[in-house]
1. Counting just the residues of segment A:127-143 that are more than 7 Å from chain B (Cβ to nearest Cβ) and hydroxyl-bearing (Ser, Thr, Tyr), which one comes out surrounded by the most Cβ atoms within 10 Å (Cβ to Cβ)?
2. Based on what the data block shows, is A:Val188 closer than 20 Å to A:Tyr134 by Cβ and either in a helix (DSSP H, G or I) or in contact (Cβ under 8 Å) with a residue 60 or more places away in the chain (or both)?
3. Which residues, counting only those in segment B:127-137, are modelled with pLDDT of 95 or more and either surrounded by fewer than 24 Cβ atoms within 10 Å (Cβ to Cβ) or not in a strand (DSSP E or B) (or both)?
4. Filter segment B:256-312 down to residues that are assigned to a loop (DSSP other than H, G, I, E, B) and either within 25 Å of the chain's Cα centre (by Cα) or not small (Gly, Ala, Ser) (or both), then give me how many there are.
5. Report yes if some residue within segment B:402-417 is farther than 28 Å from B:Glu32 by Cα, hydrophobic (A, V, I, L, M, F, W, C), within 12 Å of another protein chain (Cβ to nearest Cβ) and in a loop (DSSP other than H, G, I, E, B); otherwise report no.
6. Residues B:Phe166, B:Phe230, B:Phe171: which one is over 30 Å from A:Asp356 (Cα atoms) and at pLDDT below 95?
7. Any chance segment A:232-249 includes a residue that's away from chain B (no Cβ under 12 Å), part of a helix (DSSP H, G or I) and small (Gly, Ala, Ser)?
8. Residues that are touching a Lys or Arg at 6+ places or on another chain (Cβ under 8 Å) and either aromatic (Phe, Trp, Tyr) or in the same structural domain as B:Met295 (by TED's automatic domain parsing) (or both): list the strands (runs of 3 or more DSSP E) wholly contained in segment B:189-244 that include at least 2 such residues.
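The values are calculated or read from the model by the stated rules, or taken from the named source; none is laboratory data. None of the values given here were measured: they were computed from a predicted structure. Positions of Cβ are generated from backbone atoms using ideal geometry, with glycine treated the same way; all protein chains shown enter the neighbour counts.
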Amino acid sequence: MSRSPRHLKGTLLSTALTCLISLPAFAQTGSVLSDLENPEFLAKKRAEAAEFIKCDPIDGFDARMAAYEAGATAKWDRASMGCAVQAGSQALDEMSLPTNLIWAFVTFRVDNIEKHLEVLGANLEYFDVLANSYADHYEGIEKSSELYVRWQDTRAQSEAILAKIDPIIPKVTEARILRAAYNLASTVKETPPEEANAAMKSAIEDLEIAIAEKPEALDGLSQLMLGQVLVALPPFLGGDALRGIELLEQANELNPNDLTVHRALVEAYMGEREDEKAIALLQAALEVDPALENGQDYVDDTKHLGGLALRLDQGDMATQFNDKRNERLASNPELLTRKAIASFGHGEENPFTGKDSSDLN
Amino acid sequence: MTTKLALSSILCTTILGSAAYAADITVPSGDEIQKYVDQAQPGDTILVEPGVYKQSVYIDKPNITIRGLRDGDNWAVMDGELIRNDGIITSGHSSTIDGFFVKAYKGNGIMTQGANNFTISNNYVEGAFYGIFPQYGINGLITGNTVSGAEDAGVYVGMSDNVDVFENIAFGNVMGLEFENTRNGLMANNHVYGNSAGITLTLIPGLPVKDANNLVIRDNLIEDNNIENFAPASSIASQVPRGIGIGIVGPDKTTIENNEIKNNGTAGILVADQTLFGMSTDPKNDPYSDEAIIMANTFSGNGEDMTGILGDLIKQAGASGLDVVALGKGRGSCLANPDEVASLGTDRWETCDPSLSAAEMKTAMIPGGAEEPVYTAEQKGRLTYLAVCTGCHTYDSVLHGPSMQSIQALYKDNADGMIEYISEPVRKREDFPEMPPQAYLGEENLNAIADYILNELGG
């Protein structure tokens, strides 16, 4: 299945909700966690992780592209998807990019532009896969080192592509949207808050331009991102929930089968206490054909939407989301259920009942 | 600020039956406390003589009082030597833990797990990740303690109900006092100073308790909470903004009244949504802080040395010297004297009606106490695993010890071997610290934990 950045989805759901606030500072020795944060130990663990996650080398453009095509949507397997996205990024090294669009048409290289955007889109999706891999509460050192290294690698790959497409950004709205998406997606984790804030600002600028230039680009991805940002920010920092909701509604119109948009818009309605609209949209989400979504996105989104349904006292809907999710899980056993397991005294499992409290019943 | 010590007597009256046979058991200085706990009968009081106890203690029967005897500066000292995870843990109902000096544990100084009708009083807890940490408890009193140096919260009331936190002193912690995913709590007459954030009321995603509400913060002195946030970067606490007196992040129906809130560099009170902390979202949580009721308090000198990203955001908005900052989508909040309070983001707030005052509220505890369910072995296994093992082990990654996934593989079909190891660990891996022995948990519990790990835990 060939992928186009038009199908980029999921990348940014949590992005607009990125920490406005965080202050990682020095660590004092004492707890298990702070012991693990001594810089030498951390450096050692990261070096081990880098070694451990190394992909098998692949040579040649065609082989790399084939590896990319084969694995770049495997969102349930961060190791194999990581290697596929890496292979695709490496393949681009051998692909030149005309910076003059007319020249591109003359030399039949618009495909090259498309490929660059596509592989960049896959890198951005990979940020999302990584962000979803972090534990809810506390992460052990091996896994946190692995995620850190993958995050930095993905950043480097994306920046290399962005550097190549930079000259065409004024001419190709899609490229501008992906730059904004990079700024948002790459700063969800592993980023000092000042940097995340600056990235958000520059993304907002790009998105405003993109929406003015070409609102239908990438099926309304600009509206999805900007809408979430405007909903999340407080008014005195430029937030505007009502305009945010309008943008999300546009995104939903342009891309009615994307459950990620449903999630964002249902939550935005709930923030404004527009429960009836939220419920109607949940109903619409139930009608979306599961086959149109990446399997992992589908089971994640239905779990989330089902949880929102419960919060809105729509038990029946929650059951329907749960049934659909279970069906998908049954036919694709490789998909992650994301059962959270306790650390530091607490976790999602209820110790009295043994039930996972995120279950939809 | 008057004492409410009379309240602890309510607990005693909830104790039925065995009181008639209650005995005092004395632990001689330096002896193994667990031995005496194991012999104790419900209703007994264990008196621990001054001295140093390099141990962990676990209580899993109801109605035990364990009291450190003190002779001037000479305390009963529980010393974790920075190798043990927990000081004193109880999962027995109607437990009282009183009068200990607890220091140098890696995880929890004093913890209750699933224990109702608890009292934690007059202890001095230094260091640890959590200082005093009651979890899954209904009806409890935390009073007269001093907590300092916790990398998370000094007093951390988690997923509990009906808890009073009275007359404690909290300084030098990342968070001084915290109610997390807790319903019905009262913090009164505490002195909270020199933490990164003074008092936090939070709703954390991904936990079995999905809400937090009816929390009253009254008559406290909350000052100079400006120290650098020293929580490990990988913990949620590292995201707590520095320089705030009180932070409300997620809970509904919170009342802040008659506190003296001064010299907190970033802001006096922060009201924000759960999403502010950059945490994962939990669709079952209502992330908005609704009905924050800020009655009359005494504010002075707040917001004069704004730091961190919250400080930056306030500066971007062109403000400073703020007593109250509201960043979220909460509804139904109010401020008692809007003209006298420097605030930002409270445009939609109303003026509080005097009838909302909580000045007369005496306690959040349940008259007559909470029920005391007897836990099954299965429940005990899960509770003890949570309380003890998760301090050093996670499921799918190395923490302090190897992952539980790898342990499951090692001990598949060999529960006895695992129990043997837990009771008397030997050094196996070069690049790991030694695992401290867990025999003090008792045979029954160890069986339950092994059963849980080998047959239930996992994805």
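1. Taking segment A:127-143 first, the residues more than 7 Å from chain B (Cβ to nearest Cβ) are A:127-135.
Restricting the remaining residues to those that are hydroxyl-bearing (Ser, Thr, Tyr) gives A:133-134.
Details: A:Ser133: 16, A:Tyr134: 18.
The extreme case among them is A:Tyr134.
2. Values: closer than 20 Å to A:Tyr134 by Cβ: yes; either in a helix (DSSP H, G or I) or in contact (Cβ under 8 Å) with a residue 60 or more places away in the chain (or both): yes.
Here the answer is yes, as A:Val188 does meet what is asked.
3. Passing the criteria: B:Tyr136, B:Gly137.
4. So the first thing to find is which residues in segment B:256-312 are assigned to a loop (DSSP other than H, G, I, E, B), and the list is B:258-259, B:263-266, B:273, B:278-291, B:295-297, B:301-307.
From what is left, the residues that are either within 25 Å of the chain's Cα centre (by Cα) or not small (Gly, Ala, Ser) (or both) are B:258-259, B:263-266, B:273, B:278-291, B:295, B:297, B:302, B:304-307.
Result for segment B:256-312: 28.
5. Of the residues in segment B:402-417, the ones farther than 28 Å from B:Glu32 by Cα are B:402-414.
Filter once more, keeping what is hydrophobic (A, V, I, L, M, F, W, C): B:404, B:407, B:409-410.
If we keep only those that are within 12 Å of another protein chain (Cβ to nearest Cβ) as well, we get B:404.
Next cut, in a loop (DSSP other than H, G, I, E, B) only: none.
No, that holds for no residue.
6. On the way: B:Phe166 fails: at pLDDT below 95; B:Phe171 fails: at pLDDT below 95.
Every option except B:Phe230 fails the conditions.
7. No, segment A:232-249 contains no residue that is away from chain B (no Cβ under 12 Å), part of a helix (DSSP H, G or I) and small (Gly, Ala, Ser).
8. On the way: elements: B:191-193, B:197-202, B:213-218, B:221-223.
In segment B:189-244, the matching strands (runs of 3 or more DSSP E) lie at B:213-218, B:221-223.
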